[in-house]
Amino acid sequence: MMPPLPQTLLPLTAALAIAAFTIATGTHAANSEQIAATTGSWPVIVDEDDAPDGPLVINGCELKPGASCPGVDLSHADLRGAKLNGADLTGAKLLRANLFGAELKGADLSGADLRGANLEVAQLQGLVARDADSTGANLDYTRLAGADLSGANLTVATMEAAWAPKAKFVGATFVGTHMMETKFYNADFADAVMEDSNIPYAIWEGVHMENCTGCPVDW
C-alpha cells in the first residue's frame, strides 16, 4: 500500500489532473470538428427501389408492348424479361443486349444489330427480323414458331434446342452456327447458306431447302 501524498503536493496533483482533462477534452473536440468537416463531403447513401414504377425508358424509347422505337440504341441494355410484343424496333441497335426470357412475339426487328445479344429462352413467335445481324447471338431454347429471319446473318450464333416450326430463313447465313436439337418442322431454308455448322439431332422434317448451300438434304 502506497503512503498518502503529503498535504503540500495535493494542490499540485489536482492542478495537473485538471490540466490533463482540459487537454484531452480539447483534443477530442478538435478531432470531432475535423471528422465532421471531413465527412461532410461524403454523399449520403439512400436506399431506392430496384425497379422504378412504370415502363423502362432508354434513349427516349418507352419499352413496352407495341412500342414504336425504330433505330433506338439499346446496346448492352439489361432487358431481361422485357415484354415487347408487337414492338417496332426496326434498325435498332441491340449489340450485346440482355434479352433473356424477353417476350417479342410479333415484334419487328428487321435490320437490327443483334450481334452478341442474349435471347436465350425468349418468346419470339411471329418475330420479324429480316436482314438482322445476329452474329454470335444466343438463341438457345427460344420459341421461333412462324418467325421470319429471311436474310439474317446467324454466323456463329447458337440455337440449341430452339423451337422453330414454319419459321422462314430464306437467304439466311449459317456459318459455324450451333443448332443441336433444334426443331425446324416445315421451315423454309430456300437460298440459305450453311457452312461448318453443328447440327446433331436437329429435326428437318418438311423443311424447304431449294437452292440452299450446305443444307442437310439427306438428313
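A few remarks follow.
- Among 71-80, 200-209, sorting by the average number of other beta carbon atoms lying within 10 angstrom of each residue, highest first, gives 71-80, 200-209.
- Neighbour-limited loop hits for chymotrypsin sites (Phe, Trp or Tyr not before Pro), the stretch 120-197 (at most 15 other Cβ within 10 Å; DSSP other than H, G, I, E, B): TYR185
- Trypsin sites (Lys or Arg not before Pro) within the stretch 136-193, DSSP loop, no more than 13 other Cβ atoms inside 10 Å: none
- Eigen-decomposition of the gyration tensor built on the alpha-carbon atoms of the stretch 86-172 gives equivalent ellipsoid semi-axes of 15, 14, 13 angstrom, largest listed first.
- Extension gain (nm, one decimal) between GLU195 and ASP78, 0.36 nm per residue minus Cα-Cα: 38.9 nm
- Zero-based 5 Å bins, Cα pair distances in the stretch 98-147, whole percents: 7, 25, 32, 32, 4
- The protection proxy used here, the mean number of other Cβ atoms lying within 10 Å of each residue, ranks peptides 91-98, 56-63 as follows, highest first: 91-98, 56-63.
- Within the stretch 119-209: Cβ-based charge dipole about Cα centre, in debye rounded to nearest 20 (Lys, Arg +1; Asp, Glu -1): 280 debye
Rule-based calculations on the coordinates, nothing more; no lab input. This structure is a prediction, so every number in the text was calculated from the model and none was measured. Glycine also receives a Cβ, built like all others from the backbone with ideal geometry; neighbour counts cover every protein chain displayed.
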